[in-house]
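Read through the structure below, which is laid out as structure tokens, and then see the notes.
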Amino acid sequence: MIRRQAYKFRIEPTGEQRRKLQQFAGMTRFVFNKALAIQKENHEAGGKYIQYVPMAKLLTAWRNGDETPWLKDAPVHPLQHALKHLDRAYKNFFEKRASFPTFKKRGRSDSFRFPDGKQIKLDQQQEKIFLPKLGWLDYRRSRKVQGLVKSVTVSQKSGHWYVSIQTERKVAEPCHPAATVVGIDLGVVRFATLWDGQKETVIWPLSSFKRHEVRLAKAQRQMCRKTKFSNNWKRAKARVQRIHAQIANTRNDFLHKTSNAISKSHAMIVIEDLQVKNMSRSASGSPAEPGRNVRAKSGLNKSILDQGWGEFGRQLDYKTDWKGGWLVAVPPANTSRECPACGHISAENRKSQSVFICVACGHTENADLVASKNIRGRGLNSPKVRTIGRIACEVSGVVMPPAAGTHRSEQPTHVD
């Protein structure tokens, strides 16, 4: 089994290296924007989409021409990768997986990639990494990098530079040591309610944005009072960015620890196939058809996004894969309205956010626990889970093969 994994570390560049990092990020952004402008002009003139190879020949002309000779100061591979990034963005747009590519803005997601691992040297003992035209950079080593280095992505966030080291290594096909199946119901009041057939486990939310909301609003108001692009405005903006980074880091740390604990303890994890983007869509409507309960829906959307359900599912996906478990996604319809005792489905069963009382048999229980029981049952009883041929391991008397909705891909690279 091939495992592709990324390790992200903060680097400590010197003053000269920091200037080069800014320059390389700017050159990469310039190449992306220039290529996008050419694609737009070509389309308006009635031409066909320009593929990557002809665009790469234009890059060579830009580097050797008189207008942009300073592009030679940057390594060529990150510039070429910017064109590949644009090519992939267009393909995603053509296949209706993403919106139309837009121009990159300075200071927003500044990054560039070295795709050739042969040009990269990693000294873990000295905590240094060598990158072309940058030399040796110090990095904060928090753990050992395992595997062969394939590429390195350099990025900036909140005034700090980071390297993401993508690696590849062979590992034995895992088989999960546990023999439990757990159903997980995600919510706002309770982050997750777990049921493994014997006991209930409740994980309470961290709500990192809510904890820093007042502090963030104060910093944003202070920034708005400053003259734009002045030194005071830049300092105030940096303060806002630091708060945003702290919110994101604490949320990510919580999700990693939670998903790691769940994936280690259960061989099969059943979750709802939630469409978070649709669930958090604005209810404001249009002038012709204004929405209802806009303020309440806005607060709910903020709470949903603060939990990080999508990222939590992504982490469960690859962590269960690495540990030899299975992640199964089931339809979320009526999971909290179906009685786990008699199977009766009714909206009247859900008396409130937390109370479930079946109108048919009178079964009473917490609504989130009812949902987790139903989610687990749907995962075990799914015909797709029971009929696909390959056998991985036996869990609670149920043979667990890879199923539709079960993610066992070896292709993506993950930052653990």
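Non-local lysine pairs in segment 156-294, meaning eight or more places apart or on different chains, with alpha-carbon distances under 16 Å, amount to 9.
With a cut-off of 15 Å on the backbone N, the residues of segment 61-86 near the modelled label site 7 Å out from Gln51 along Cα-Cβ are 84. Between the helical axis of 367-381 and the longest alpha-carbon principal axis of the chain there is an angle of about 80 degrees.
With a 1.4 Å probe and every protein chain kept in, tell me what percent of the accessible surface of segment 204-257 is carbon plus sulfur.
Heavy-atom surface of segment 204-257 belonging to carbon and sulfur, 1.4 Å probe: 52 percent.
The Gln198 and Asn301 beta-carbon pair, evaluated with R₀ = 35 Å, returns a calculated FRET efficiency of approximately 0.50.
Extension gain for Arg281 to Leu58 (0.36 nm times residue separation, less C-alpha to C-alpha distance): 76.2 nm. Placing +1 on the Cβ of every Lys and Arg and -1 on the Cβ of every Asp and Glu, with no other charges, gives segment 83-151 a dipole of roughly 220 debye about its Cα centre.
Between 0 and 90 degrees, rounded to the nearest ten: what's the tilt of helix 309-322 against the longest Cα principal axis of the chain? Taking the Cα atoms of the chain, the angle to 309-322 is about 90 degrees.
Residues Cys224, Cys361, sorted by accessible area with the largest first, give Cys224, Cys361 [1.4 Å probe; ligands and nucleic acids excluded]. PRE reach from Arg211 (point 7 Å along Cα→Cβ): which of segment 238-276 fall under 14 Å by backbone N? Counting only backbone N, you get 243-258. Taking the longest Cα principal axis of the chain as reference, the axis of helix 52-64 is set at about 30 degrees.
Would you work out if segment 122-268 is rounded, prolate or oblate? Take a ≥ b ≥ c from the square roots of the eigenvalues of the alpha-carbon gyration tensor; rounded if a/c is under 1.5, else prolate when a/b is larger than b/c, oblate otherwise. It is oblate, given that a/c is not under 1.5 and a/b is not larger than b/c.
How far is it, in nm, from the label point at His363 to the one at Arg106 when both lie 7 Å from their Cα along the line to the Cβ? Those two pseudo-labels are separated by 6.3 nm.
With a Förster radius of 30 Å applied to the beta-carbon distance between Lys91 and Lys264, the computed FRET efficiency rounds to 0.20.
Per residue, the accessible area of the chain comes to 56 Å² when a 1.4 Å probe rolls over the protein heavy atoms. Fully extending the segment from Lys234 to Ser354, taken as 0.36 nm per residue of separation minus the present Cα-Cα distance, adds 38.6 nm. Given their separation in residues at 0.36 nm each and the Cα-Cα distance between them, Arg314 and Ala37 gain 96.3 nm when the chain is fully extended.
Judged by the gyration tensor of its Cα atoms, with axes a ≥ b ≥ c, segment 238-339 is oblate; a/c meets the 1.5 cut and b/c is at least as large as a/b. Does segment 5-72 come out rounded, prolate or oblate, given a ≥ b ≥ c as the square roots of the eigenvalues of its C-alpha gyration tensor, rounded meaning a/c under 1.5 and, failing that, prolate meaning a/b above b/c? Cα axes put segment 5-72 in the prolate bin.
What a 1.4 Å probe finds exposed on segment 43-178 is 49% carbon and sulfur by accessible area, rounded to a whole percent.
Working from label points 7 Å from Cα in the Cα-to-Cβ sense, the Lys128 to Val294 distance is 5.9 nm. Quarter the surface of the alpha carbon convex hull of the chain and you get the mean projected area, 26.5 square nanometres.
Taking only protein heavy atoms and a 1.4 Å probe, the accessible area of segment 275-346 is 52% carbon and sulfur.
The values are calculated or read from the model by the stated rules, or taken from the named source; none is laboratory data. Predicted model only: the values in this text are computed from it and were never measured. Here Cβ is always computed from backbone atoms with ideal geometry, including for glycine, and neighbour counts include all displayed protein chains. Protein only, heavy atoms only, side chains kept; ligands, DNA and RNA dropped before computing areas. Shrake-Rupley method; radii C 1.70, N 1.55, O 1.52, S 1.80 Å.
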